[in-house]
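Here the structure comes first, spelled out in structure tokens, and everything after it is commentary.
Bear in mind that the values in this text are calculations on the coordinates, not laboratory data. Just so it is clear, the structure is predicted and the values come from calculations on it, not from any experiment. Every residue, glycine as well, gets a Cβ built from its backbone with ideal geometry; the counts of neighbours run over all protein chains shown.
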Amino acid sequence: MIRRLARLDPQVLRLALVAVPAMVALAGWGQVLRPAWQARQTAVALHTSTQQAIAELPARRAESARLVKEADALERLLEAPESASTHLPVLLESLAAEHKVDLLPIFPGRDTEFEGLLETLYQIEASAPYPRLVAWLADIDARIPNAGINDARFSRLAATESVTLKLRLAVYRRPATPPTLPVGVGTQGEIRSAPVIHHDPFRRPAGSTTDAEPGQPAPPAAWQPILRGVLLAGKASLANVDRQMVAIGETLEGHRLVSISDHRAVFEKDGRRLVLDMRRPMEPRP
Amino acid sequence: MLPLDQALDDTLWFDELHYARQAILPQPGNLPPPAEASLSLRGKATAAAGIGRFADALAARGPCIKPQLVPGAAKHYTRFELVEFSVSCTLKAPAAAGAESGAKP
């Protein structure tokens, strides 16, 4: 054997000496070392994530307890006696009376049941100035948290500042849960303060009553003066309004005359300016 | 209501305001509908520029996503002129709009 090896080319022998250990090392890495290394990496990752989960356990327990409480509170809302179909109209009417909202009689409408939740739709019709309706809705929102507005249509009544509200209110309850507590205004929760709104968008500006069709004379406004003439004399200027002479600073029908210029007299009331023009009799100015 | 109030000024007023929301509970056999609400307004303004400002304010500070503004006819009265308008839009999700409750406008 040794004689045969001695007869081999030394170069082949050197190559064999390098190649055989390399092949053994490669086979060992693929079959043994790499799977073992991967298994170790997996074990390290598992260990880290387990430690992290253990560290987060108290926080998760607290979160779970908070969610259970929240679910209980929501569940109680679904059982709120005030939102029962026998009691809700009474509550809505008492809130309407508080806010001086005129309310037509309310009757429960169609019921829809889905996975243990019952939705009852109420068709409600009310009328009042817009700010009162908004305050009333805010109270409904606060007092009946298991209700939601599905549809609300505000329409201004012609020639008045009153607004009609057609409301479709959906109330969510557990099916067949009779009320257990007596109903009454102020028996549950705290009422949020009414929203502070700064505009009544259904109130038309003074001097722009416009329910008449174009081309037709508009219905009479509260004060529709006609400027017939001006007498310019500096601070002593005078305006002839509805055949009445008015000096700067004087008041006519609650409107104070603030300035007179060519063809024009400017009155002011409650921060609103009313410009009378001999060429264009009256023009509303914001 | 409050974002709408913030977008208003005194140069326009409404004849009608309509808020509508999809029903939350699905009809039997159907999937729950997406929570979506819409607002449409119809009114008059003393100046067309005021309507544009209002529509911009509805999108910027108010509850609307891309309000669609439809200017109406200008009506000429004996003493003034009014522009009719209508605006409609989809309402932002409550969190995005900063509203207090998803169920209320």
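The table below lists the values:
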{"quantity": "Segment A:66-169: trypsin sites (Lys or Arg not before Pro) falling in loop per DSSP and having at most 14 other Cβ within 10 Å", "calculated": "A:100"}
{"quantity": "Separation of the residue A:67 and residue B:81 label points, Cα + 7 Å toward Cβ, nm", "calculated": "6.2"}
{"quantity": "Gain in span if fully extended, residue A:123 to residue A:111, counting 0.36 nm per residue against the direct Cα distance", "calculated": "3.1 nm"}
{"quantity": "Residue A:261 versus residue A:8: modelled label distance in nm, points set 7 Å from Cα along the beta carbon direction", "calculated": "11.6"}
{"quantity": "Label-to-label distance, nm, for residues given as residue A:97 and residue A:29 (7 Å Cα→Cβ offset)", "calculated": "9.0"}
{"quantity": "Averaged over A:144-155, number of beta-carbon atoms from partner chains that fall within 10 Å", "calculated": "5"}
{"quantity": "FRET efficiency, 1/(1 + (r/R0)^6) with R0 30 Å, evaluated for residue A:104 and residue B:30 via beta carbons", "calculated": "0.40"}
